[in-house]
Amino acid sequence: MAQKIRIMQFVTGGFSGATSVAIDLTHAFGQLENVESLLVLRRKKSTTSNKLATLEQRGIPYALISGVAHAITVYQLVKLCRKWKPDILVAHGFPEHILGRWAGLFAQVPHWVQVEHNSRERYTSWKLWQSRFLSKKTRYSVGVSEGVTEVLRSQRLFSRIVAIPNGVDTDKFVRHSQNTIGQRPKDLIMVARFAKSKDQITLIQALGLLKAQGICPNLSFFGGGSSRYLKKVKELAARYSLESQVSFCTHTPNVDQELAAHKIFVMSSFYEGLNLSVLEAMASGCVVVGSDAVGVRELIRDGDDGFVFKIGDSERLANIIESILAAPENFQSFADKARLKAQQFYDKKHVNQAYQDLLLPLVTGRVNDENHMTRDIGQPSAQAR
């Protein structure tokens, strides 16, 4: 019997969007007969027993390593790699992709792949030097959007740069969202952690402008994150006397059902990699309104399958919301087109297949390195630099 290919996914244990992608890939590769798959989490404060229990319930094999200090993280990952002996180490996000590849170097892992999940990270000159140095032995640097791949290209890496978008389980969200926009009981929803980069402030300001005109839609915020920033958002809502209109929920156990109950989804971020919540909203049949941030704007064709507003432009956002709520039925085609786009281009089945096409030939050698990357999986396509 042929020996199985061992693929290790290393990612933050913060259960961010990057963690979700790594979990899905671990599960998908684990379903293949010729692959053994392992998820390795760098422990964070938010690496709770409840979240780990969900991995166990899904049957996803995982290991935890320290997140106290970078040197300890690398040391423990080296030990794990020498014991488990992965053929491929996939290191997700910053700084994990740097730490993971140092471990890959010291443990002599044959193949390394970097996955960058954000368009803006805190690269010092030292960290950028490390990433460039490690890229000499990195087989691929994957960007989760075309915007992210542009950032990777600007770093002058030696690795081959490719774009593979994030994906979601579109069937899950389509299943719970059969009502038309006009039939949905709630108005606005934003699903995002509370952080300055997500800019919930602009959405509150837009609601303040609408209230001044006598328009009072309800808004549901879902997401954890910074308690300090959450307090700031709540204080601003109180200043505009929006307490009766705005609700806050720091847990999102049934986000698919919540999205299905709302007419409009808003994402007001300053920057992203490729926002999973936007994709979920598209699959849920919401009218999607997003800022022109990298990782958001490329998902939306403005005025066709959603709306795009300039980052921080609360007045424009208020005008868009007013137009949609005035006649929701006029925007059903927007929601339908967005859902179809999500199903065709951003379903995680397609994304998982793209990663399989990328990674497995590194070990099997069955697909020519120049040919397999021509596989088109939508916007953006998995095309090589």
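Laboratory data are not the source of any read-out in this text; all were calculated from the coordinates shown. No experiment lies behind these values; they were computed from the predicted model shown. Counting neighbours? That spans all protein chains shown, and the Cβs are built from the backbone with ideal geometry, glycine included.
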Ranked output for segments 202-215, 169-182 by mean other Cβ atoms within 10 Å, highest leading, reads 202-215, 169-182
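What does the charge count around SER119 come to, taking other residues whose C-beta lies under 13 Å from its C-beta (Lys +1, Arg +1, Asp -1, Glu -1)? Please list the in-between numbers first.
Numbers: positive: ARG120, ARG122, ARG153, ARG297; negative: GLU116, GLU121, GLU146, GLU150, GLU272, ASP292, GLU298.
With Lys, Arg at +1 and Asp, Glu at -1, the neighbours total -3.
Any of LYS51/LYS234; LYS172/LYS232; LYS44/LYS310 with alpha carbons more than 31 Å apart? Name them for me.
On the way: LYS51/LYS234 27 Å; LYS172/LYS232 33 Å; LYS44/LYS310 34 Å.
From the list (LYS51/LYS234; LYS172/LYS232; LYS44/LYS310), the Cα-Cα distance tops 31 Å for LYS172/LYS232; LYS44/LYS310.
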Restricting to aspartates and glutamates and to Cα separations under 15 Å from LYS211, and discarding same-chain partners fewer than 8 apart, the set is ASP187, GLU243, GLU315, GLU322
Filtered hits (lysines, Cα-Cα < 19 Å from LYS137, offset >= 8 within chain) -> LYS85, LYS127
Quick calc, the chain, dipole around Cα centre from Cβ unit charges on Lys, Arg (+) and Asp, Glu (-), nearest 20 debye, gives 1660 debye
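Find out how many positive minus negative residues lie around PRO185, taking Lys and Arg as positive, Asp and Glu as negative, among other residues whose Cβ is under 12 Å from that of PRO185. Intermediate values should be presented prior to the final figure.
Numbers: positive: ARG184, LYS186, LYS263; negative: ASP187, GLU258.
Net charge around PRO185: +1.
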Under 5 Å from the placed amide H of PHE270, counting only residues 5+ away or on other chains, we find LYS198, ASP199
Within the stretch 71-123, DSSP-loop trypsin sites (Lys or Arg not before Pro) with at most 13 other C-beta atoms within 10 Å are ARG122
For the stretch 170-345, the dipole about the Cα centre with charges only on Cβ (Lys and Arg +1, Asp and Glu -1), to the nearest 20 debye, works out at 480 debye
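Quick check: net charge around GLN130, other residues with Cβ under 15 Å of its Cβ, Lys/Arg +1 and Asp/Glu -1? Present the calculation step by step, with values, prior to reporting the outcome.
Details: positive: ARG101, ARG122, LYS127, ARG132, LYS136, LYS137, ARG156; negative: GLU96, GLU116, GLU121.
Around GLN130, the charge tally is +4.
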Scoring the stretch 170-345 by relative contact order with C-alpha pairs under 8 Å, at least six apart, yields a percentage of 28 percent
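Beyond 35 Å, how much of the Cα-Cα pair distribution for the chain remains, as a whole percent? Intermediate results must be reported in sequence, preceding the final value.
Numbers: 19597 of 73920 pairs.
Every Cα pair in the chain considered, those over 35 Å come to 27 percent.
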At the level of C-alpha centres, the distance separating the stretch 151-204 and the stretch 254-321, in angstrom, is 7 Å
